[in-house]
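Just below is one structure, and these are the notes that go with it.
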Amino acid sequence: MSSFTVAEVAARCGGRVAGDGKLRLSGVRALEWAGPEELAFVADRKNEPKALASRAGALLARSAAAFPGRTVIEVPDPALAVVAALELFHPRREARPGIHGTAIVDPGALVDASAEVGPYAVVGDGSRVGPRAIVEAHVVVGRGCVLGEDAWLHPHVVLYDGVTLGARVEVHAGVVLGADGFGYVPGPKGIVKVPQVGTVAIGDDVEIGANSCIDRAALETTRIGAGTKVDDLVMVGHNCIVGTNGFLCGQAGLAGSTIVGDGVMLGGQVGSAGHLTIGNGVKAEAQSGIPSDVPDGAIIHGTPAFDYREHHRSFVEFRRLPETARLVRMLAEKAGLRKGEDR
Amino acid sequence: MSSFTVAEVAARCGGRVAGDGKLRLSGVRALEWAGPEELAFVADRKNEPKALASRAGALLARSAAAFPGRTVIEVPDPALAVVAALELFHPRREARPGIHGTAIVDPGALVDASAEVGPYAVVGDGSRVGPRAIVEAHVVVGRGCVLGEDAWLHPHVVLYDGVTLGARVEVHAGVVLGADGFGYVPGPKGIVKVPQVGTVAIGDDVEIGANSCIDRAALETTRIGAGTKVDDLVMVGHNCIVGTNGFLCGQAGLAGSTIVGDGVMLGGQVGSAGHLTIGNGVKAEAQSGIPSDVPDGAIIHGTPAFDYREHHRSFVEFRRLPETARLVRMLAEKAGLRKGEDR
Amino acid sequence: MSSFTVAEVAARCGGRVAGDGKLRLSGVRALEWAGPEELAFVADRKNEPKALASRAGALLARSAAAFPGRTVIEVPDPALAVVAALELFHPRREARPGIHGTAIVDPGALVDASAEVGPYAVVGDGSRVGPRAIVEAHVVVGRGCVLGEDAWLHPHVVLYDGVTLGARVEVHAGVVLGADGFGYVPGPKGIVKVPQVGTVAIGDDVEIGANSCIDRAALETTRIGAGTKVDDLVMVGHNCIVGTNGFLCGQAGLAGSTIVGDGVMLGGQVGSAGHLTIGNGVKAEAQSGIPSDVPDGAIIHGTPAFDYREHHRSFVEFRRLPETARLVRMLAEKAGLRKGEDR
């Protein structure tokens, strides 16, 4: 790893140096672990005591005033500025142009000269791999797929036929895009599979976490909007349309034909029932189960989910329920509405 | 893609043409998206307004009466008939007989001459790949496995040793069949792993969604019954016996030794506690947690799950609980059973 | 499979033979399925009727007294002793030393001469594969990884750069270790990804189930403590520190920065909210949602989770809630606190 001076890091972060700008830094660490040659960041006031105790050679903070005698890079938003510092020390891996000798690229596929195709990757007929895209080891790309510029497919990703990825899409290991949706109809001799002949389209700047699955549409296109981030082990059923700049946290699941607005945040293990619409800016707290349409901006909780404040009030009473019910039975007994056997 | 006349499609669907039987159709689309050379289907009455507004060249519907002047293929069950139409335009991919030059097939394995083994697939000693089976790229089949006729393993599927698949089983990308069950016993020096020496048997016509996991039994056989459909990211623990013609929806999980009857429907993210029996025809609504035996035909909801109508009634009162509890505290205060400080 | 006499099995299990020590056994089966040449074990008293009805040639049981005329291997703990018997019939697969001709091992990687690297495996620069480790087909090991002695990576496991595994770690098929954590900050032009530059360290004797995902830390190290067992489809978010000898059951999920003590048991589909501490010895029942710190030794249930006995009491009243609420409305009406329209 390269090292940089405090001044160089500050320049990258758009920050102002207070202290020793010539100090060389070798990386970024957490406050607890950073040493005299490392940078640490102070996300907010709450972390100031930890920062004062830190052995970090330099701090990335809102103001140097709280850290007399320390070398500080002052920035308006340390949590954002640390991204720039991290990118300096750990530049994003770039494509090493070329197709590995063991990769099997169909003659009908088009791989940009600046793209990288790794060992044992398989790319099908009619697929296009865009400029500077990275296809890592063991990735399988079906026929007629499109990988936008700077797309990055980690090892063992599988794209079924016809899946398209926008620019800068990052797909983590083990993700499956475009497998058949879960579509069946009852027939006279039992369950009949409905051929799933649609596809999947992933917008620009989407990131998809390890081992997640996004199923192809029955007839049309399952979509993830630009800028949306999908965590690990998430499932998106067929025909879903997910908006832009949202977050689907770990192990969340959308049943088929869920329409999700822009800027939606679904917490971990949230499930949605399908054939419904989740409005723009909705937040569903972890493990919620969404049974029906949710209006724009709602914050919901529970299974079935409803307004999180109302849920909180009901939940408080749920915990008190044994005592409340005991009172009810005493009152009912007193009023002659029931007998006292089961208080 | 090939094109077909309305009359040809009608013949395939067992339908009657009203209108222009010679019109050429290039495919099937959703009502909203179909154009003048495309077929769309009208699942039920509710979709009639959409169908009237659709630009589709032909409609697959129960009756032409609702669509005067339109070309209609009349069928008793449009949702079922569209399957036949889809199969006409998108015939199921057939095996391209042969073993890819990069596949590693153990000399002790038996691959039917009509089967296809794709690039970089690995097939172990003693395994049998049946007629017309498809083993796609990067699939790993252990030793002593059996793939029935017309089985289809998508890329990156892993079968541990001894797993057997019936006829026409379709396994989507990333599925793992036969990994060790989660079996441990406390020993004098800590946790001891119980060797998992059983196996997994998948019945005919089962489909398994992407990245699902079905663990091998400790001693005997984990089973999925014929015709059952398993969605993405589902987990079936060791020793489970799942019946026929059921549905395990996305991210559902069965703990070890769960016995599941025939025709069972487990909604998305449903969990079952293991060492229990779920009767025939049971429906568990999404996110339910099944704590104990469930009788045949029950429809259940909640965690722990119970009758869905009772759950609904309790849930309605859960939402009203703050108001109900307020009344109780007022009544109790009036009756001198408590003081008024915490209404 | 080899066969062994009852006496040989007893010697391995540290048991005492009552009956025919020379009887040859060909394997271990469940009581229901064992035949005259097979061993079955009687876990506890409850299984005695089944054992009496079993055709098993020999029983592994606490005492022969309950089984007159039968051949019994007496041991103090049959559930533990059967492990020894199983290991006799099914010895753990050993590494077949050598690197398969199709594996791609970077010249800068160090593979111990006693280790096995399977077909199409890829091992990156600077990685070390320890003595007797097994790297099965299609495993991808990034750069700078460490596999401890006797580590076993099943097919299709992916290790991102810098992941370290202790001795005897077993990782099942499809597991992804070290993918990027889910870390983003809001920026002036939208969501900005925080580079995830930490890593993952897995302690000795850990087992990880199929298709589970453990994300790399943002800056430091995501850790799984020695002896902890992780089931299938589990997600561990970035920066989590999981203690020793715990169990994370199927489909459980830990959001980022969860600290988990030693000996913790998280049931199936449990979720934890992140940035919190779960004490030593905590048990969270299946599907619980953990919203905040949990003290040592607590047994919790529900979403949000609290003491499981209290939860049980509240849940009993939840089921009775329609009747309780009806009484409340009658009482309120009587007391003139409300009108009778909505009983």
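Quick notes on this structure:
- Accessible area expressed per residue, the protein assembly as shown, with surrounding protein chains retained (probe 1.4 Å, Å²): 38 Å²
- Taking the protein heavy atoms of the range C:253-313 in the context of the full set of protein chains, the accessible area attributed to carbon and sulfur is 55 percent at 1.4 Å.
- For residue B:46, a cut-off of 24 angstrom between C-alpha atoms picks up these lysines, skipping any fewer than 8 places away in its own chain: A:193.
- Neighbouring partner chain Cβ atoms per residue of C:307-320, average, 10 Å criterion: 5
- The mean number of partner chain beta-carbon atoms within 10 angstrom of a residue's beta-carbon across peptide B:188-195 is 6.
- Shielded residues, the range B:207-236 - accessible-area loss of 40 Å² or more between chain alone and all protein chains, probe 1.4 Å: B:207, B:211, B:213, B:219, B:220, B:229, B:231, B:232, B:233, B:235
- Within 10 Å of each Cβ in C:149-157, the average number of Cβ atoms from other chains: 4
- Neighbours of residue A:282 by Cβ distance under 13 Å: Lys/Arg scored +1, Asp/Glu scored -1, total -4.
- Buried on complex formation within the range A:263-301 (loss of at least 40 square angstrom of accessible surface versus the isolated chain, 1.4 Å probe, ligands and nucleic acids ignored): A:269, A:287.
- Centre-to-centre, using Cα atoms only, the range B:71-118 and the range A:64-83 are separated by 61 Å.
- Other-copy label distances relative to residue B:94, 7 angstrom Cα-Cβ extension, nm: 4.9, 4.9
- Estimated buried accessible area (total), pair C and A, 1.4 Å, Å² to nearest 100: 4700 Å²
- The residue C:334 and residue B:90 beta-carbon pair, evaluated with R₀ = 45 Å, returns a calculated FRET efficiency of approximately 0.10.
- Computed 3J(HN,Hα) for the range C:57-69, one whole-Hz value per residue from the Karplus formula 6.51 cos²θ - 1.76 cosθ + 1.60 where θ = phi - 60°, is x, 9, 10, 9, 8, 5, 8, 6, 4, 6, 10, x, x, glycine and proline marked x.
- The phi-based Karplus calculation (6.51 cos²θ - 1.76 cosθ + 1.60; θ = phi - 60°) puts the 3J(HN,Hα) values of the range A:252-257 at 5, x, 10, 5, x, 6 Hz, whole numbers, x for Gly and Pro.
- Nm distances between copies for residue C:69, ranked from closest, using label points 7 Å along Cα→Cβ: 8.9, 8.9
- Under a 5 Å amide H cut-off, with hydrogens placed 1.01 Å from N, residue B:98 pairs with B:115, B:116, B:117 among residues at least 5 apart or on other chains.
- Phi angles across the range A:206-218 convert, under the Karplus curve 6.51 cos²θ - 1.76 cosθ + 1.60 with θ = phi - 60°, into 3J(HN,Hα) values of 7, 10, 10, x, 3, 6, 7, 9, 10, 7, 5, 6, 5 Hz, Gly and Pro given as x.
- Members of A:283/B:334; B:50/C:189; A:283/C:283 lying beyond 31 Å, as alpha-carbon distances in this model show: A:283/B:334; B:50/C:189
- Helices assigned as whole DSSP H runs in chain B whose Cα atoms extend at least 27 Å along their own long axis and whose mean Kyte-Doolittle hydropathy is -1.0 or higher are not found.
- Here the range C:297-338 is treated with +1 on each Lys and Arg Cβ and -1 on each Asp and Glu Cβ, and its dipole about the Cα centre works out to around 220 debye.
- Highest average packing first - B:260-271, A:204-215, A:57-68, Cβ atoms within 10 Å: A:204-215, B:260-271, A:57-68
- A simple charge model with +1 on the Cβ of Lys and Arg, -1 on the Cβ of Asp and Glu and nothing else charged puts the dipole of the range B:36-124 at about 440 debye relative to its Cα centre.
- Expressed as a whole percent, the accessible surface of the range B:23-164 that belongs to carbon and sulfur atoms is 55, based on a 1.4 Å probe.
- Of all DSSP bridge pairs formed entirely within the protein assembly as shown, close to 15 percent run antiparallel.
- Considering only B:213, C:163, A:130, and ranking their Cα positions along the charge dipole of the protein assembly as shown that arises from unit charges at the beta-carbon of Lys, Arg, Asp and Glu, the one farthest toward the positive end is B:213.
- Counting from the shortest, the label point at residue A:187, 7 Å from Cα toward Cβ, is 5.1, 5.1 nm from the same position in each remaining copy.
- Dipole magnitude (debye, nearest 20) for the range C:207-331, charges at Cβ of Lys, Arg, Asp, Glu: 480 debye
- Cα gyration tensor category, rounded, prolate or oblate, for the protein assembly as shown with a/c compared to 1.5: rounded
- Amide H contacts of residue A:271 (H built 1.01 Å from N, in plane; Pro and chain starts excluded): A:253, A:288, A:289, A:290 sit under 5 Å, all sequence-distant by 5 or more or on other chains.
- Farthest positive-ward along the range C:166-230 dipole, Cα basis, beta-carbon charges - from C:199, C:188, C:176: C:188
- Near the amide H of residue C:60, within less than 5 Å, lie the amide hydrogens of C:40, C:41, C:42, C:73, all on another chain or at least 5 residues away, with H placed in the peptide plane.
- Summed residue charge, Cβ within 9 Å of residue B:235's Cβ, Lys/Arg positive, Asp/Glu negative: -3
The values are calculated or read from the model by the stated rules, or taken from the named source; none is laboratory data. The structure presented is a predicted model; accordingly, all values stated were derived computationally and were not measured. Cβ sites come from the backbone with ideal geometry, for glycine too, and all protein chains shown count toward neighbours. For accessibility, only protein heavy atoms count, side chains too; no ligands or nucleic acids. Shrake-Rupley method; radii C 1.70, N 1.55, O 1.52, S 1.80 Å.
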